[in-house]
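In what follows, a structure is listed as structure tokens, so that the remarks can point back to it.
The values are calculated or read from the model by the stated rules, or taken from the named source; none is laboratory data. Keep in mind that this is a model prediction, so the values were computed, not measured. Cβ placement follows ideal geometry from the backbone for every residue including glycine, while neighbour counts extend to all protein chains displayed.
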Amino acid sequence: MMELLEMEPLRLLIFLGGLIAFAALNAAYLVWLERKVAAHIQCRIGPKEVGPFGLLQPLVDGIKLMSKQLLVPNGVDPYLFKVAPLLVLVPAVMSFVVIPFGENLAARNIDLGLLMIFAFASVNVLGLLLGGWGSGNKYAVISAARAVSQNVAYEIPMLITVISLVMVTHTMNLNEIVKQQEGMFWNWYIFRLTASPLMPVAFLIFFICSLAETNRAPFDLGEAESELIAGYHTEYSGMGFGVFFMGEYANMVIGASLATVLFLGGWQSPFGIGSGWWWFLLKVYALIFCVMWVRWTYPRTTLWGLLNLSWKVLIPISLFNLLLTGATIKVVSYLFGA
Amino acid sequence: MSMLCETLKEDFLALAPLALVDTDYKAKGYQLDITVAPAQVVEAATIMNRRGYTLEAVTGVDWLASAGPKPAKKAAPAEGEEEPVEAPGAPVAEQMEVVYDYTNTGQELCRVVVRCRIPRANPELPTVSGVFSGANWHERETHDFFGIRFLGHPDLSPLLLPEDADFHPLLKDFRV
Amino acid sequence: MNEPDCNPNQETFVINLGPQHPATHGVLRVKLTMDGEYIVHAEPVLGYIHRMHEKMGENRTWAQFLPNTARLDYLGALSYNHGYVQVVERAAGIEVPERAEYIRVITVELNRIASHLLWYGAFVLDLGGFTPLLYAFDDREHVLDLLESVTGARLTFCYFRFGGVYNDIDEPFITGTRAFIKRLRSRLPDYHNLVTKNIIMIKRLKEVGPISAEMCRRYGATGPVLRGSGVCYDVRKNEPYSVYPELDFDIPVYSECDSMARYMVRMDEIDQCLRIIEQALDKLPDGPVMAEKAPKIIKPPVGDYYGAVEAARGTFGIRVVSDGTNTPYRMKLRSPTFSNLSLFGEASRGMLLADALALMGSLDLVIPEIDR
Amino acid sequence: MGKENLQSAIVQFAALDQLLALGRANSLWPMTFGLACCAIEMMAAGASRFDLARFGAEVFRPSPRQCDVMIVAGTISKKMAPAVQTLYDQMPEPKWVIAMGNCAISGGPFVFEGQYGIVEGADKLFPVDVFIPGCPPRPEALIEGILELEEKITGTRRWPRVEAG
């Protein structure tokens, strides 16, 4: 008993260190990937000269950002200004704690994992709001207001979709959810039409919402360059900006991971054999690639278009999905007996 | 000469301008050259507006005696404000000229130039921005460059020059 | 105007868009009085790149002013070249050989394509799409290669002379141009698939930023802005100059008055430019490219002269006053975007910030040309 | 005292400095800031054919707070000068300036006796690291300018210099 207590903090520390390293490396190399993907979509080469294939580019960018002067301009609220980047990054890293990378590869396998991720995702908005507000910059304030209204609007369809999924899975334990999708790929929840005929649509809603939640194009209104300079991080220099950036990419990974866990079978192999963490990463990165692909293809929506999409399209559909899922469960249990 | 030009000529003759000349489009680039008195500028703009014309540009020319061209005619008409000017474009010393370029976007081509001479010492004339909204910026620009005051203009603050500029660079006697 | 009525206390705030701002394509400042995301009042502030072109016109000789015209509107430099040499030729009575005129038309239209391509990219960039800009630049580089081979410059062309052009085009240029026409024709459908048919684009441009024909007339707006308001006015057709009357082309006109209409006008114009170039290449006569009797030193007779050409952004008018010497007495440059921008304040009232920027992008601003 | 008498320090600050310099030189983020004609060539330098991204310098940041290098691409008018100065001041250290094109170097073609509107060169306002002549300079020239700036930062040249001749 004592041994376990002694071990627990150590275990947690190791996992936390590992997760932070993972989040940081991930962010760095996702930026590299993003630049490469963008370049290839745009008939360019992208970073190439710094290291083989420009692989050292994130490293030098990191060195550069860390050695850059940290400006705290006059007129900002110094506390909010400094705490905001952390409020974006920390929740994002914390969410990794419950993500099951592999069968036994989760920092914490808790029963309310799904709830925890959504709880932390809500904190993320606070960071953007405080950053924008604390900057004392009009562009940043507008951007923060946009980001908040956007996040609030898209959390609703996202949560409704997740609720309908939880009705099927009967659990909020992410590990359990993945285990339920064992076997061939038609066991994945995205193809589980017997649970609810609208499952692919639910996945699509979830994907769109996670794009909006992470402020990615075409929903990158918060950072609309042609309107708001650099949005809520206009006044941030050096690592302050770097932390925002890392938080953004960490959120992107969280979004993709969650989609993978809930709909795409997590670490499960599509063919029933050879499951493992590599499948998880593969699926996550494939989704992230799609996110980048969308970004470099589509122009930006307007705030009104965005809110209209959420309130008038996504929320009704997700509510209908909820209803349908409930009905399907009832009918199935009535027909075949629970 | 097109129909449109004839109608315009009739309109303007009713206004009794200082001069009205048919010009050779090939040589000059416009068909009608009308010189009006400062008081008639708005009237002229109203006529053009009624005929569906658009104001292409407003600009000034500074006819400084020492800088102006060698007298093309016998002698430069002295203070000829009332006196009709026969040849538009001919230099008149110590005067400012404000030139309005009108054109229409219909199918018939008839470019009209309306000019107005004002004394250089007191360059003032009424604004046409009430008739053509676009004149607002053109007149501000002309004020920037020549110091010509357009009476009744909503805002004559510098447009192209710095906000606190108090010089008029296109005056012929302008020195830094 | 549809004033937003969601603000009973009339609480507004002012933001300065520019003079350094990604959306202003240069150094334009727009003072926006905002009510939340709505624009209550927009006032463009000009002059941040005022380069004294008109003053320079008065202290340089007629020929020395030629390079300045390229720097007025660096995206459509050759149209400006054309406007200037044309009015000076008119003033000095210089006849231009036919071959030179054809070459002028070919190069001007190539330049117009380059200008529209850049606009296309920059416009989509304003709307948040980055990739089309790179595609447009890719094609634009091909135009620049062609023009560079004949003019020697990539951007600020100074190719026309009083009485012709300074350099004859050669066979590689002609074959290259034909190849380019083919290439761009095959690329244009991609542009439309990527952008024109994009649902987000349609949502953002349709019925956004209405500019009526009457408003255009009041402000003197010309070019694609006017043609997007249903008025078929193009100097090339209405006031034929050069060899345009001998060429068969259409003036694209859309009467929706919205940003989409202006977008479509320009996209269709690229098509028409290709047609013009193709015909001009077919009809290209032999002969000199420079008038034999063109005087070395130009001294137009006393008087004032006006000339207008259709630049990529609208009517470029130029009024010169000659006092019979070798320098102009007065040079007035009437730039199209000056008038086109002047209606922005009225047109953007009550709009959302994002929509107003779409409107501003659809006006196709080149700031040094506005400020001169 | 000869060099050989100095003991090598345990902590090599010089090496760290070099690492920092390498990091900075290879990650020069310019500002989205164009003044006039040269800005178009700056855009062209970032586009497909020339691809500034190869050197990690394609991250055009719209906010001066996140930029390392300010490419003054175009004429600075007297009306604009205070704004340009502010932008420079807003950039965090270390920062560099590239004066692109003749206007930014000296006022270029717009200098004449009695000129009233422009600042004759960006170096009248703030220190300039690299001058790129041309009206406008070609995109290749801008890339060369970036390489030149890298050399200035690290002390070594990325590629062998191409000698004219």
Count of region A:60-92 residues which are in a helix (DSSP H, G or I) and either under 21 Å from the mean Cα position of the chain (by Cα) or of a type in the set (Val, Ile, Thr) (or both): 12
Number of positions in region C:179-206 that are of a type outside the set (S, T, N, Q) and surrounded by 14 or more Cβ atoms within 10 Å (Cβ to Cβ): 13
Residues within region B:154-173 that are under 20 Å from C:Asn340 (Cα atoms) and within 17 Å of the chain's Cα centre (by Cα), tallied: 0
Residue selected from region C:315-327 under the condition more than 9 Å from chain B (Cβ to nearest Cβ) and surrounded by fewer than 24 Cβ atoms within 10 Å (Cβ to Cβ), by the criterion farthest from B:Leu55 (Cα to Cα): C:Asn326
Test set (1) away from every other protein chain (no Cβ under 14 Å); (2) surrounded by 24 or more Cβ atoms within 10 Å (Cβ to Cβ) - C:Glu310 fails condition number: (1)
Qualifying residue in region A:30-48 (condition: over 22 Å from D:Ser27 (Cα atoms), facing chain D (nearest Cβ under 9 Å) and of a type outside the set (S, T, N, Q)): no
Qualifying residues in region D:108-142 (those that are within 14 Å of another protein chain (Cβ to nearest Cβ) and in contact with a Phe, Trp or Tyr (Cβ under 6 Å, 6 or more places away or on another chain)) - the one farthest from D:Pro82 (Cα to Cα): D:Pro139
Any pair with Cβ under 8 angstrom, 6 or more apart, that starts in region C:209-223 at a residue that is more than 8 Å from every other protein chain (Cβ to nearest Cβ) and more than 14 Å from C:Leu341 (Cβ to Cβ) and ends at one that is crowded, with 24+ Cβ neighbours inside 10 Å and hydroxyl-bearing (Ser, Thr, Tyr): C:Ser212/C:Ser229; C:Ala213/C:Ser229
Filter result for C:Ile103 (more than 10 Å from every other protein chain (Cβ to nearest Cβ), touching a Cys at 6+ places or on another chain (Cβ under 9 Å) and not acidic (Asp, Glu)): no
Residue among D:Gly155, D:Gly121, D:Gly101, D:Gly108 that is surrounded by fewer than 20 Cβ atoms within 10 Å (Cβ to Cβ), on the phi > 0 side of the Ramachandran plot and not basic (Lys, Arg): D:Gly155
In region B:20-47, residue surrounded by the most Cβ atoms within 10 Å (Cβ to Cβ) [restricted to those that are away from chain C (no Cβ under 11 Å), in contact with a strand residue (DSSP E or B) (Cβ under 6 Å, 6 or more places away or on another chain) and not β-branched (Val, Ile, Thr)]: B:Ala44
All helices (runs of 4 or more DSSP H) inside region A:161-266 with 2 or more residues being in contact with a Ser or Thr (Cβ under 9 Å, 6 or more places away or on another chain) and more than 30 Å from C:Met34 (Cα to Cα): A:174-180, A:199-213, A:238-263
Helices (runs of 4 or more DSSP H) contained entirely in region C:95-207, each with at least 2 residues that are in contact with a Pro (Cβ under 7 Å, 6 or more places away or on another chain), modelled with pLDDT of 85 or more and under 21 Å from C:Pro285 (Cα atoms): C:98-126
Residue check for C:Ser322: closer than 30 Å to C:His41 by Cα and of a type in the set (S, T, N, Q): no
Enumeration of residues in region C:348-372 that are outside any helix (DSSP H, G or I) and among the hydrophobic types (A, V, I, L, M, F, W, C): C:Met351, C:Leu352, C:Leu363, C:Leu365, C:Val366
Selected residue (criterion: surrounded by the fewest Cβ atoms within 10 Å (Cβ to Cβ)) from residues of region D:10-24 that are within 8 Å of another protein chain (Cβ to nearest Cβ) and hydrophobic (A, V, I, L, M, F, W, C): D:Leu19
Breaking point among (1) part of a helix (DSSP H, G or I); (2) among the acidic types (Asp, Glu); (3) within 14 Å of chain B (Cβ to nearest Cβ), for C:Asp304: (1)
Subset of region A:239-274 that is under 20 Å from A:Leu193 (Cβ atoms) and under 14 Å from the mean Cα position of the chain (by Cα) - its residue that is surrounded by the fewest Cβ atoms within 10 Å (Cβ to Cβ): A:Ala259
Pairs with Cβ under 8 Å, 6+ apart, first in region B:40-64 and touching a residue at least 60 places away in the same chain (Cβ under 8 Å) and within 21 Å of B:Ala16 (Cα to Cα), second in a loop (DSSP other than H, G, I, E, B) and polar (S, T, N, Q): B:Val42/B:Thr127
